[in-house]
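No value in this document is a laboratory result; all are computed from the given coordinates. Given the structure is predicted, the values throughout are model-derived calculations rather than measurements. Please note: Cβ atoms are built from the backbone with ideal geometry, for glycine as well, and neighbour counts cover all protein chains shown.
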Amino acid sequence: MDNKITANIVPSHEGIEDSIQDSLLMPHNLALPMVAIEQRLSEIPQMPGLPTKKFNENLSVIANALTIPSKIIVETMNAIGQGLRNFISTFATTAFKFAESVGQFQQQRFEFKKAILDAWSNLENDLMTNNRYFPNDELKNLFMLYANKDAGYKLRKGSLLYRARKISISELRPEVMDKIRRAGDKSYAQHDPRYYVNDEWLWDFINSTDADDMNNECINAFNGKDMNFWGFNATHSGAPPKNPIDGRVNPIGINCLYTTKDVKTAISETQPTAGQMISVARIKTRKQMRLFSFDFSEYYAKSPLMKLPLREFEEQVGVSYGELKIFFQTLSELFSTPISGNTENYYATQYLSGLIKHLGFDGIKFKSSLNTRGVNIVLFDVSKDAEGIPNQYEVVNSVLHRVKRVNVTSVQVFPRKVKSISKADVID
């Protein structure tokens, strides 16, 4: 009916189309009674040549037609309003339940992490004050539950690792000393032939000489290109024969090899001061090894378990995915916590390292406490063959580094600084 009326009436006069559209577009006209609609339509100018009676009949037809969509629109709007109210009510209920679930989840995460921290604290206290070798099994039980012994990080054969050690002038090998002295003779003889070369002068010479000049004077002039060890030799660049001090992984007397994945982290681990000389050895693994990594995703990356659906994964492992991730993250934080001075703080990390070694892992991979982006790798097996060559790795070479500066980033925590208020911040 609407289409027929539109086809007969609208093309006949522009004013009719505009007036009808204005009436329909005004929200307050949606529920106009019949009389009001007829009154509005009567205000439309009569078309030229159309009899008054016929025109009025058409207006009545239009008015009757318009009352139907008005009622439908009102009913539709009421339905939409009710539907919107229902939607808002349902959404609010769902959002509340979701927020409640998130809150419960966060609380569960907090309680689970606190349980791990408490177990770690109890282990440390037990090792220090009660039983050094057979402590409380609380943390051990958690570890055995969450650390799947069939997973692990694969360190490929031929992987490059780095180990750094502080070195003094007196510890430089005779071959290195000879080349540096001869380079010093050549350099300073041009200025003052009466100088006397001693260790103190040599230190100043190394620290002040430009890198290019040093290479030209020491390496190119005296056939230093064939020298592989400028720092410590292969024996002293690898694992020490005996460990006279406690380490994060080893107690006194038990040897292992501390390395890193990059040079910067290796030097950072020595905690150097500006101007110090550092011997950095490059080490290559001789076989593939399986490490325990405190990085959850890395630890399980190559495990067939990661290919399973979540539900099957949790059934196989025996714990939830969320708990497993929290466990690894918390343990990583605890294992990598910076420790200075008191070696008793190593008791828990040493105990855990011994447990990992007992489970058949070849070493440990964990975050550096001195370079936030670096990682440390500790190898357990430092045994050697009959010729004194390490079975698990090869020391390729060593180079000398000079520490130019040590960066320190800090923030004042007590008392906290109060932000100063400028005149521009003051509102009258």
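Remarks
- For S368, nonlocal amide neighbours, meaning residues 5 or more places apart or on other chains whose placed amide H falls under 5 Å from its own, are G374, V375, N376.
- Residue pairs exceeding 19 angstrom between C-alpha atoms, taken from K325/K365; K166/K357; K287/K367; K154/K284; K302/K384: K166/K357; K287/K367; K302/K384.
- Within the range 362-405, all pairs of alpha-carbon atoms sorted by distance into 10 Å bins from zero give the percentages 20, 32, 36, 11, 0.
- The range 80-124-the range 295-344 distance, computed between alpha-carbon centres (Å): 23
- Using the average count of surrounding beta-carbon atoms within 10 Å as a protection proxy, the listed peptides 231-241, 124-134 rank, highest first, as 231-241, 124-134.
- Per-residue packing, averaged as other Cβ atoms within 10 Å, sorts the ranges 350-360, 299-309 into the order 350-360, 299-309, beginning with the highest.
- Proxy reagent accessibility, fewest Cβ within 10 Å first, across I167, I364: I167, I364
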